[in-house]
Amino acid sequence: MMQLSVNELRDKIKGCYTGKNIGGTFGAPFECKRQVNTVTFYTQDLSMGPPANDDLDLQLVWLNAVEKFGRTVDSHILGEYWLSYIIPNWVEYGMAKANLRTSLLPPLSGYIDNTYGNSCGAFIRSEIWACLAPGHPEMAARYAYEDAIVDHCEEGAWGEVFFAAMQSSAFVENDYRKLIDIGLSYIPEDCDVCRAVEKAVDCYENGVSVAECRIQIHNAFPGTFGIQGIMLKDIDPEGSKGMVNGKPGYDAPENIAFSIAAWLYGENDFEKSLLIANSFGEDTDCICASLCSTLGILLGEDAIPSKWKDPLDDRISTCCIKNTSIGLWIPETATELTERILRDIPLILNQDLCDIFGAEGMSVTCRENNDLFCDSSDAYMPGINSFCKNPGLTVRETTKLSPYVIRKKYPAFFLMIDLNGSIKYQVGRRRRITVTVSNDFYWNEQHWVNITAYSKDDVSIESNGDVKLPLNNLSGSCARTDISFVAQNSNRGSIDIMIGVSLIGRHSQGAIKVTLYQEAADADE
């Protein structure tokens, strides 16, 4: 374990958000354009400060959530903040909010009918979790996943986990090739984000030119961000030469790989990497912002060239936040944001990892070297299960769960409800959901658990609607039951089933309402 002093943390956190601001501002005018960009400096009028950019401002809302709820922050809490404080209703943001309003809980809110669930809107939010858990990628990645599944799924969510783990590790690890491998260890090894990043690495290590690397990454993982909202005839023919068209909304793998490629080809040089990132086109503000925030952590704020910092005057502009709302306190500068995060780190790290009464001020004990990689021990680390949302599962294992699995942590147990691949039901047909309860090992006790299903009279609970099961205090053990039911009424369109869980002999209890939607019966029935 290594120590980071408060001054080291301050320099790296300030570097993170200064870099984020620079990259987002520089790349913003060129997003949604499939072309090779050759500009070498800002093209906007910055006399009034940087233009608003959503790559940064959503994180400011999550910071407020952490300040209120601490390490108990999860996808359910962040979903409430989405509905209360986030303005946009475009693409994945709007679909997630619509799903939440119909009682589709995360991860369903980010998955159901969400064409843009695999887009770039989640990985641009990774920095807040990395900075709140510096040198602890297993924690940063867990929170990043909780954040991402509110409005994204699969590749979109895995992208945020990748960046959060990598950026958290960048507080203590300087080898950027190793940092990439650390980030990849936290996401499914066969996902497109992983393959796209590996493609960027292969291009660099095999001496492929930057121009050819751009084409190879795009054609292997084609997104549509560069042609979004414009006519195909208006695409720059030279900039799109040799590039195929992809699937709408499937943009995270390509743009993450562009960010990594720019980092590699830029050889850790801030300006060189930034210019390469912007040259790729597509979602340029996201590509540049995530790259420069990572470099800002690695290099520290002092090492970022003044020519890029000074025009922004440390200021933060927002566009997606209801910042007049009661309950939000939005920082106006990167300096103010840095100081807020420094004070909030103890809300995420426990006292064994964060000493606030040291002789030289606060310090953080961090992982280092191979301990930064995702490992099975992450699921059982002492003191972590109090905030982990999936005891017994590593981050990578958690990211592999079906989007139809709803998870919720309670003080003494962890509840998972598996809808078994669908939110649909058919009238008169038996339907099954699976309920799994795991012990919170923190209490070090054996329990018996009572699992009960409730619904209206026209829904018949046919089996296991009220069961008592042993809940052992052993690693990997759990109580699991399949609840079967039949809906009889064809006029309602949806049904609600309340799953209640309580520990016998303790006051601990919890409940989740599951909403299912009627599906037409097969035509031949």
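The values are calculated or read from the model by the stated rules, or taken from the named source; none is laboratory data. Treat the numbers as computed from the prediction; the structure is a model and nothing was measured. Glycine gets a Cβ as well: all are built from the backbone with ideal geometry, and neighbour counts include every protein chain shown.
List of remarks:
- Residues (assigned to a loop (DSSP other than H, G, I, E, B) and either acidic (Asp, Glu) or at pLDDT 95 or above (or both)) located in the range 407-425: Leu419, Asn420, Gly421, Ser422, Ile423
- Residue check for Leu469: at pLDDT below 95, under 35 Å from the mean Cα position of the chain (by Cα) and among the aliphatic types (A, V, I, L, M): no
- The C-beta contact set for the range 126-148 (first residue at positive phi, second residue outside any helix (DSSP H, G or I) and among the aromatic types (Phe, Trp, Tyr), distance under 7 angstrom, 6+ apart or interchain) comprises Gly135/Phe171.
- Cβ-Cβ under 6 Å pairs, at least 6 apart or on other chains, the range 403-430 side crowded, with 19+ Cβ neighbours inside 10 Å, far side assigned to a loop (DSSP other than H, G, I, E, B) and modelled with pLDDT of 95 or more: Pro403/Pro107; Pro403/Cys153; Ile406/Leu105; Leu419/Tyr404
- Residue match in the range 103-123 (condition: part of a helix (DSSP H, G or I), farther than 28 Å from Ala196 by Cβ and at pLDDT 95 or above): no
- Taking every residue in the range 187-203 that is under 19 Å from Pro222 (Cβ atoms) and pairing it with any residue that is among the aliphatic types (A, V, I, L, M) and surrounded by fewer than 22 Cβ atoms within 10 Å (Cβ to Cβ), at least 6 positions away or on another chain, the pairs with Cβ-Cβ distances below 6 Å are Lys199/Ala220.
- Qualifying residue in the range 55-64 (condition: surrounded by fewer than 14 Cβ atoms within 10 Å (Cβ to Cβ) and either of a type in the set (Lys, Arg) or touching a residue at least 60 places away in the same chain (Cβ under 8 Å) (or both)): no
- Residue within the range 461-474 that is in contact (Cβ under 8 Å) with a residue 12 or more places away in the chain and within 26 Å of Cys153 (Cα to Cα) present: no
- Criterion: out of contact with any Phe, Trp or Tyr (no Cβ under 6 Å at 6 or more places or on another chain) and touching a residue at least 60 places away in the same chain (Cβ under 8 Å) - qualifying residue of Tyr81, Tyr17: Tyr17
- Residue within the range 84-93 that is over 30 Å from Leu342 (Cα atoms) and buried (at least 23 other Cβ atoms within 10 Å of the Cβ) present: yes
- Of the set (1) free of Cβ contacts under 8 Å to residues at least 12 places away in the same chain; (2) in contact with a Gly (Cβ under 9 Å, 6 or more places away or on another chain), all apply to Val486 but (1).
- Any hit, the range 276-285, residues being in the same structural domain as Phe163 (by TED's automatic domain parsing), under 28 Å from Asp151 (Cβ atoms), modelled with pLDDT under 95 and surrounded by fewer than 20 Cβ atoms within 10 Å (Cβ to Cβ): no
For (1) of a type outside the set (Ser, Thr, Tyr); (2) within 25 Å of the chain's Cα centre (by Cα); (3) part of a helix (DSSP H, G or I); (4) within 30 Å of Ala511 (Cβ to Cβ), each residue gets a yes or a no:
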| position | (1), (2), (3), (4) |
| --- | --- |
| Asn7 | yes, no, yes, no |
| Asp11 | yes, yes, yes, no |
| Ile22 | yes, yes, yes, no |
| Gly27 | yes, yes, yes, no |
| Tyr42 | no, no, no, no |
| Gly49 | yes, no, no, no |
| Leu56 | yes, yes, yes, no |
| Lys68 | yes, yes, yes, yes |
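- Qualifying residue in the range 168-183 (condition: acidic (Asp, Glu), touching a residue at least 40 places away in the same chain (Cβ under 8 Å) and surrounded by fewer than 22 Cβ atoms within 10 Å (Cβ to Cβ)): yes
- Among the residues making up the range 275-293, those that are touching a Lys or Arg at 6+ places or on another chain (Cβ under 9 Å), in a helix (DSSP H, G or I) and not β-branched (Val, Ile, Thr) are Ser279, Ala289, Ser290, Cys292, Ser293.
- Candidates Gly79, Gly15, Gly23, filtered to the one that is in contact with a Cys (Cβ under 7 Å, 6 or more places away or on another chain) and buried (at least 16 other Cβ atoms within 10 Å of the Cβ): Gly23
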